[in-house]
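Reviewing the structure listed below.
The values are calculated or read from the model by the stated rules, or taken from the named source; none is laboratory data. Everything numeric here is computed off the predicted structure, so don't read it as measured data. No Cβ is skipped: glycine too gets one built from the backbone with ideal geometry, and neighbour counts run over all protein chains shown.
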Ligand code: PXP
């Protein structure tokens, strides 16, 4: 096995690190039973990886590793190139509290597996299979406990997509007609691959009505998620209809859409009571909250099973710097929430352009998306709009 190491835009690693890397990669080849092949490893800076990611994958952000296998079917000794962004890897290792070398090695293994035909962006099981192989190599070659823990927590199925159909009802209510019907929308969204249907029964009933909730509950084959404010009559209604999940949200009559996460500071007892009551009827409860440790700690006191992290600040960020800092905030909050034992969901303001980076956060199990999907449906149909979003979510996991 031959391994060529190149550098672009960054300083070379010390000779000792290069030697160690080559030795560990040779071990990986042996374990994978690969003989007489050649691999090129190129270490680059953030600028270089951003350019490659943009040029070859149309993704306008730096990533940690890219792999360029030689074309399939060519039985050549050269397997291809693995490009690793060292600055990005350092940033991530620091963010996740990992030692740099074993994390870098895990990225090398990730790229190598790509060269061997693994692709976590294809199908439902391939991300899992690829990760299993990465974990296996790390366990045998460099069993760093923190990196292994980190990899193991990424052993997940792809995130789910719950589609919010409120805005189909918004169009209906604009003319007070009986169409378009959010009930029809729910069925089409399921046909497009939605894993759940979300409706927000607002206190002013400006879009979704009780009738919609009841019919959707009857008709869908996935799960119904009812968003609502903490209100005695709404709790009574939820207990009667029994959705799979209730998401508690704050609500202000004059707002255009939900504006922020629920403020729990002085409301823990009130929320706890609502959670208990809904749980007693077999309904899971999610709290829509801002991606902050303080909010998560308070949420834990309420007994809710799920938290939905508010992605609105990330979605609304106009400057790149702000967008990246909001993304980091979401990553940290997702990890913190998972460690507290929550099932982690996220949503608000997510669209076809901004879903990629958040959908890559491994702890997030489900996204709740409405406005962008219903908007796209005007042009491509709802089934197609849901399918496209689902594909982006599947693809983002790496
Ligand atoms: N999650 C919650 C709690 C919401 O209130 C909303 C808006 O109804 C969404 C997700 C979906 O947001 P959007 O329509 O911007 O995708």
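Could you give me the residue pairs with C-beta distances under 7 Å whose first residue belongs to region 189-209 and is over 14 Å from residue 172 (Cβ atoms), whose second residue is assigned to a strand (DSSP E or B) and more than 14 Å from the ligand (Cβ to nearest atom) wherever it lies, and which are 6+ apart or on separate chains?
Going by the 7 Å Cβ cut-off, the qualifying pairs are 196/223; 197/224.
Condition test on residue 326, is it surrounded by fewer than 23 Cβ atoms within 10 Å (Cβ to Cβ), more than 20 Å from residue 58 (Cα to Cα) and under 12 Å from the mean Cα position of the chain (by Cα)?
no
Give, as residue ranges, the helices (runs of 4 or more DSSP H) completely inside region 281-374 that count at least 2 residues that are touching a residue at least 60 places away in the same chain (Cβ under 8 Å) and either at positive phi or away from the ligand (no atom under 16 Å from the Cβ) (or both). Quick ask: steps written out before the conclusion?
On the way: elements: 293-302, 312-316, 320-339, 355-359.
Per the criteria, 320-339.
Assuming residue 296 fulfils every condition listed in (1) over 25 Å from residue 91 (Cα atoms); (2) over 17 Å from the mean Cα position of the chain (by Cα); (3) crowded, with 19+ Cβ neighbours inside 10 Å apart from one, which condition is it?
(1)
Would you point out which residue out of 79, 105, 112, 98 is under 18 Å from residue 151 (Cα atoms) and not in a helix (DSSP H, G or I)? So that I can check it myself, show each step before the final result.
Numbers: 79 fails: under 18 Å from residue 151 (Cα atoms); 105 fails: not in a helix (DSSP H, G or I); 112 fails: not in a helix (DSSP H, G or I).
98 is the lone residue from the list that is under 18 Å from residue 151 (Cα atoms) and not in a helix (DSSP H, G or I).
Quick one: residue 88 ticks every box in (1) under 25 Å from residue 132 (Cβ atoms); (2) part of a helix (DSSP H, G or I); (3) out of contact with any helix residue (DSSP H, G or I) (no Cβ under 8 Å at 6 or more places or on another chain) except a single one, so which number is it?
Going through (1) under 25 Å from residue 132 (Cβ atoms); (2) part of a helix (DSSP H, G or I); (3) out of contact with any helix residue (DSSP H, G or I) (no Cβ under 8 Å at 6 or more places or on another chain) one by one, residue 88 breaks only (3).
Are there any pairs, at least 6 apart or on different chains, whose C-beta atoms fall under 8 Å, with the first in region 19-35 and in the same structural domain as residue 142 (by TED's automatic domain parsing) and the second exposed (fewer than 14 other Cβ atoms within 10 Å of the Cβ) and part of a helix (DSSP H, G or I), and if so, which?
That search, which allows pairs on different chains as well, returns 27/140; 31/140.
Mind checking which residues of region 242-257 are free of Cβ contacts under 8 Å to residues at least 12 places away in the same chain and more than 15 Å from the ligand (Cβ to nearest atom)? Before you say what the answer is, go through the steps one by one.
Residues of region 242-257 free of Cβ contacts under 8 Å to residues at least 12 places away in the same chain: 252, 254-256.
Hit for region 242-257 is 254, nothing else.
Report yes if residue 260 is within 13 Å of the ligand (Cβ to nearest atom), within 29 Å of residue 188 (Cβ to Cβ), assigned by TED's automatic domain parsing to the domain that holds residue 167 and within 21 Å of the chain's Cα centre (by Cα), otherwise no. Even if it seems obvious, please write down each step before you answer.
Values: within 13 Å of the ligand (Cβ to nearest atom): yes; within 29 Å of residue 188 (Cβ to Cβ): no; assigned by TED's automatic domain parsing to the domain that holds residue 167: yes; within 21 Å of the chain's Cα centre (by Cα): yes.
Spelling it out, it is not the case that residue 260 is within 13 Å of the ligand (Cβ to nearest atom), within 29 Å of residue 188 (Cβ to Cβ), assigned by TED's automatic domain parsing to the domain that holds residue 167 and within 21 Å of the chain's Cα centre (by Cα).
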